[in-house]
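One structure below.
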Amino acid sequence: MSLLDFARGPALQWSVVIFLVGVTWRLLGASLAAYTKDYAKARSTRTLFGGARTILVRSVGKPQFHKALVFSHVTGYTFHIGLFVAILFFAPHIFFFEDILGFSWPALPNGAITVASGVTVAILIGLLYRRLRHPVQRSISTSDDYISWFATIAPLVTGMLAYAHIGPRYETMLAIHFLSVEFLLIWFPFGKLMHTFFIFESRGMQGAWFERRGVKA
Amino acid sequence: MSLSDADFLHFRTELQHVGDMAQPTEMPDQERVARAKEVFMESLDARRAVHLESCIHCGLCAEACHFYISTQDPKYTPIRKLELIRRFYRRELSPNRWLYRLVSRDLTAQDLEDWQELVYDSCTECGRCSLICPMGIHIADMVAVTREALAQAGLIPAELRGIAQEQAARGSVFGVDAQRLLARFDELKEMGLEVPVNKDKAEVMVLTSVLDVMLTRDTLVATVKIMNHLGVDWTVRTEGFECANFGMLSGHAETQWIASKRIVDAAIACDAKVVITAECGHAYPAMRWDAANFYGKPLPFEVMAISEFLGRELEAGRLKLKEIENAVPMTFHDPCKLGRIGGTFDGAREVLKDLGIELREMASNREMNLCCGGGAGVFLLNRATPLREKVFELKRQQVNETGAEKVVVTCGSCRLNYLSGKVHTHWDKDIVSLVEMVDDNLADGGAQA
């Protein structure tokens, strides 16, 4: 079995299994813990509305925080969008997903994907630099931050190298790209990348808590 | 009517010795850790678990925290204050605990001691950080849990510990017990004010605070006059009158319930429909939001902050006020515990509007309010004084930017902190109580019925 066969075959299958089981385990493990009943009379019973509002509104942030949030929002939204564009709209990726899902969607031109990937990689490098330099971020950073950073940037970099035919021969580079994606999938349930799922639940719970008290969070 | 700087300074000097009466809480290190862990174990439910799973270590919470903003010291980053509960959760309860146990170390007594400064001295549990967190983590809520853990581990700072011990054992705070309260009411009687004490039945039971008995005495006078003016069927019960809750401030849950239960029992004894907390920030969430959960069922009465009650009476047309002629512009300080944590914003503003006051809002107001820096007992901690004074500068700047001449407050602790800042910086602003302003401007023949 060649490296590419391994990467496309058992490595991919097992990493997807670990991803799915791990994500489900962690999501359910936290979410299905006991809930504490609140006996205080609610000021507002529209807790679902309050939760939904916080899920949406926190994406923009309170106006008074905008100055503090602008860097995070610009870099954060740009790199997340760039990441999803590269994953979902690169023609070879769409072929890959079509094999699994049975349907496809239009691809973006390769040039656009290159720009999206390049911008995302640049921002991720900038964010790593900031994490290492900014006193607050540095003080709260753990190995999770650096592993998650590597797990996110590696598929982008290896994908760009494979596309540009830079480095080892194409098949080897493609195998490395697959392996980097598999590393991302395997790491996903163990680190902070899980915020992809927890963000909605966490915001919603906070919004509901404050709504009960009559406070717009 | 207002509190003189001299009276305040005298009181503040006395406060500096409040820790001297604290009983020691010695115990082996192992027991400290075990007790703290027990609190974490009991407190961690699904909501807190999800919050603890969600952090992306962005550090944005620091940008909302008055302690970080004013010092730029990363140790005050709010999410760092949750490190102990997060580590416990990850190692003992999280779905991936088998992994975290391999890569993290267990809590130690030294960790608990190290976190004392972070959760007592440099956090007022104001909750502003919770509102900036992109993941929606309710940081302040879990700082409160960490305080509870440290309290059980015998690590409450002496100042808060001493008062909490007094309140739990004797029911008094700073020596203000039923006798002292009755003596004060006798003084009011000599002034021609009737206080309906210990009525068997009353619609409204009014709470007061140690501050209003000892220091901000005009606020208690004003409260009595307003209640009488409104013609409300009200009482003060000597077995449950103190709304300051040093169990809550210290994080000692048992003491919090002891203090709250006295009020619950007193209210039930007189069949009160409404219990009104005095101008005391934390007293409101202690009774309005926490007491029912200790009680194990909804409280059989409504809990209102006095500012909230005044707003309601005004809206109902029972409270009639005179407009203040040539009133100077004023600003209003939203106490964190009444506002962001408690959910009351409008009552005080309605009253100020009715008094004809030009209200100049601070840049941070309502749920975005910046804490004065003295809440959650920080005002009482001697070693926190330099930090607290530094933090207060933010508040002073925001007040100055409004151009207002007076700051209206509805929380005794905020009032003390403002007065401290005023004295410390020779500030020209007047700090005034909403209740006292209402009393000064009651319309003749108001809603006596």
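Values in this text are rule-based calculations from the coordinates and carry no lab data. As the structure is a computational prediction, the values presented were derived from the model and not from experiment. When we count neighbours, we look across all protein chains shown, and the Cβ atoms used for this are built from the backbone with ideal geometry, even at glycine.
Restricting region A:158-217 to residues that are under 13 Å from the mean Cα position of the chain (by Cα) and more than 14 Å from chain B (Cβ to nearest Cβ), the residue that is surrounded by the most Cβ atoms within 10 Å (Cβ to Cβ) is A:Leu185. A Cβ distance below 6 Å, combined with a sequence gap of six or more or placement on separate chains, defines the contacts here; from region B:36-55, residues that are more than 7 Å from chain A (Cβ to nearest Cβ) reach residues that are polar (S, T, N, Q) in the pairs B:Val39/B:Gln152.
Residues that are of a type in the set (Val, Ile, Thr) and surrounded by 17 or more Cβ atoms within 10 Å (Cβ to Cβ) were ranked within region A:120-149; the one that is nearest to A:Ile81 (Cα to Cα) is A:Thr120.
Of all residues in region A:17-46, those satisfying the criterion of being surrounded by 15 or more Cβ atoms within 10 Å (Cβ to Cβ) and within 27 Å of the chain's Cα centre (by Cα) are A:Ile18, A:Phe19, A:Gly22, A:Val23, A:Arg26, A:Leu27, A:Gly29, A:Ala30, A:Ser31, A:Ala33.
I'm trying to understand the selection: among the residues of region A:55-72, which are surrounded by 15 or more Cβ atoms within 10 Å (Cβ to Cβ), outside any loop (DSSP other than H, G, I, E, B) and free of Cβ contacts under 8 Å to residues at least 60 places away in the same chain?
Those that are surrounded by 15 or more Cβ atoms within 10 Å (Cβ to Cβ), outside any loop (DSSP other than H, G, I, E, B) and free of Cβ contacts under 8 Å to residues at least 60 places away in the same chain: A:Gln64, A:Phe65, A:Ala68, A:Leu69, A:Ser72.
A single entry from B:Arg105, B:Arg161 fulfils the requirement of being of a type in the set (D, E, K, R) and buried (at least 22 other Cβ atoms within 10 Å of the Cβ): B:Arg161. When B:Val224, B:Val274 are checked against the criterion of being without any contact (Cβ under 8 Å) to a residue 40 or more places away in the chain, more than 23 Å from B:Ala168 (Cβ to Cβ) and not polar (S, T, N, Q), a single residue qualifies: B:Val224.
Residues in region B:62-91 that are crowded, with 24+ Cβ neighbours inside 10 Å and over 25 Å from B:Gln110 (Cβ atoms): B:Ala64, B:His66. Against the criterion of being in contact (Cβ under 8 Å) with a residue 60 or more places away in the chain, over 24 Å from A:Ala112 (Cβ atoms) and either surrounded by fewer than 18 Cβ atoms within 10 Å (Cβ to Cβ) or within 13 Å of another protein chain (Cβ to nearest Cβ) (or both), A:Thr152 does not qualify.
Listed by position, the helices (runs of 4 or more DSSP H) inside region B:169-274 whose residues that are more than 26 Å from B:Thr13 (Cβ to Cβ) number at least 3 are B:178-190, B:217-230, B:253-269. Taken together, the criteria place A:Val70 among residues that are aliphatic (A, V, I, L, M), farther than 14 Å from A:Ile199 by Cβ, more than 7 Å from chain B (Cβ to nearest Cβ) and within 25 Å of the chain's Cα centre (by Cα).
What's the total number of residues in region A:22-54 that are in a helix (DSSP H, G or I), touching a residue at least 12 places away in the same chain (Cβ under 8 Å) and either facing chain B (nearest Cβ under 8 Å) or within 23 Å of A:Phe183 (Cα to Cα) (or both)?
Adding up the residues that qualify gives 8.
Going through region B:74-89 one residue at a time, which ones are free of Cβ contacts under 8 Å to residues at least 60 places away in the same chain and over 16 Å from B:Met41 (Cβ atoms)?
Selection gives B:Pro74, B:Lys75, B:Tyr76, B:Thr77, B:Arg80, B:Glu83.
The residues listed here are B:Gly136, B:Gly127; of these, the one that is within 8 Å of chain A (Cβ to nearest Cβ) and among the small types (Gly, Ala, Ser) is B:Gly136. Kindly establish whether B:Ala169 is under 20 Å from B:Pro24 (Cβ atoms) and without any contact (Cβ under 8 Å) to a residue 24 or more places away in the chain. For B:Ala169, the condition - under 20 Å from B:Pro24 (Cβ atoms) and without any contact (Cβ under 8 Å) to a residue 24 or more places away in the chain - is met.
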